[in-house]
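The values are calculated or read from the model by the stated rules, or taken from the named source; none is laboratory data. Remember, it's a predicted structure, so these values are computed and weren't measured experimentally. Cβ placement follows ideal geometry from the backbone for every residue including glycine, while neighbour counts extend to all protein chains displayed.
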Amino acid sequence: MQSRILTYLIVLAAVVSAIAAKAPTHRSLRAEAMGNAHVAVVDDKEALYYNYAGLNQINRLGNYNLRPEQGYYPRNFIGDMRLNLGGAGPFETYFSTYNVAKDLQKLYNNAQEAANAYGLPMNTVLMDTLASHHELVHKVNSYDHKYLTMKIKADAEMAFHNFGAAIWVDGNVAPYLDAGIIIPFMVIDTFYIDAVAQAGGAYGITDNLAVGAGLKLAKRQKVDMITVDIMNYDASQDTLEDRYHDATDDVLDFSSVSVGMDLGVLYQLTRELRAGLSVRDIYFKDLAGDKITPNVTAGINYSPRFFNKNTGYARKFNMALDYADAINGQNNYKFLSHINFGMEVEQNLLAWPGYSNEIRALALRLSGGFRGGYPAAGFGLEVLRFFTIEFATWAEELGYYTGQDEERIYMGQLSIGF
């Protein structure tokens, strides 16, 4: 029966798949910090985004009464209710671009002064300068196609035993700068905001096997490429205003909302080893003109007993490996691009002796791994179970295979809730 369920999920994804755009992506910092290997970890609210079957673990994992054989794992309490706000960007690129931009500004100012002094066209002076100073050409080239991707996220989420729901927003804008041959300009590549509402549940078929399913409503607002020429500011300003109205005028047009489905399976192979499979983002119509490819991910999680401790000073250790987005070959045809690996350790640093880890004052989580061949790392600091500060860094591939064009992302997040 278990193998039949896995087969049905894979066949369903294959039937509805096609080469398509990227689905709305929830950026879970706990998962990203451990290389985004999470489909078999899912022991808290992250089950909403990676594998709904994981909702069955909440208030069971670490509970000696409901699951005695895994009572030595830190208890995940009754559930999670959180509000999150975060943002990200490639800060290394920001700093390097700023330094190069200062040098280029000096170059253009000097060329303008020389053109005014000798009565020559600025273009002529600039081209002569570049022809006689090859080091300046190198600076111009280093300024060519500089990406400055920025991301935002906001979430409201809750998860309990066998049920969860969330409303979240993911925004992305990817401007890039070009020195050009004569005139610098900025291009804002596709700008989008995804808004998603989702809910679902899980069911434990046996003590070791759980299945889950959820529905989501998604709306995507996007604006295609905009070119901003610094020599023609008035026209650029009009263009930006037009694109702003394109993006906001139909925000409340719910006819463009797309309905999607997520499915998942979780199986406890041994008391320390868990396997998971999820088929996510099965959308039944295009999303803002984009056809979405479902995400099929399979993975395992190893949580050795001797590393874990379920007391007031609880300790949790997870090591996970995923084969992610298996049927999507677009910009991802190298085997390593699908492999995510990571580990995490969470330790209660301050607690009330004699109480379980549900009443903890301070907890620290450290994580690391590899996401599609690129290193990832992060941490989370929880205070009084109510305030959480998280940070994660990972890399995304802008090219067609791992190692071609890395974009490193740094994201921070503040959460409040229980």
- Query: If we keep just the residues of the stretch 369-388 that are touching a Ser or Thr at 6+ places or on another chain (Cβ under 6 Å), farther than 12 Å from E32 by Cβ and not β-branched (V, I, T), which is modelled with the highest pLDDT?
  - Reply: E382
- Of all the strands (runs of 3 or more DSSP E) wholly in the stretch 190-243, which have at least 2 residues that are surrounded by fewer than 16 Cβ atoms within 10 Å (Cβ to Cβ) and modelled with pLDDT of 60 or more? 191-204, 209-223
- Find the helices (runs of 4 or more DSSP H) located wholly in the stretch 1-71 whose residues include 1 or more that are modelled with pLDDT of 85 or more and more than 12 Å from the chain's Cα centre (by Cα), and list them. 47-50
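Each row is one residue, and each column tells you yes or no for (1) crowded, with 19+ Cβ neighbours inside 10 Å; (2) over 20 Å from the mean Cα position of the chain (by Cα); (3) at pLDDT 90 or above.
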residue	(1), (2), (3)
F317	yes, yes, yes
D322	yes, no, yes
G329	no, no, no
V345	no, yes, yes
G354	no, yes, no
N357	yes, yes, no
R360	yes, yes, no
S367	yes, no, yes
- Note on the structure: For the stretch 117-152 the number of residues that are surrounded by 15 or more Cβ atoms within 10 Å (Cβ to Cβ) and either modelled with pLDDT of 85 or more or part of a loop (DSSP other than H, G, I, E, B) (or both) is 3
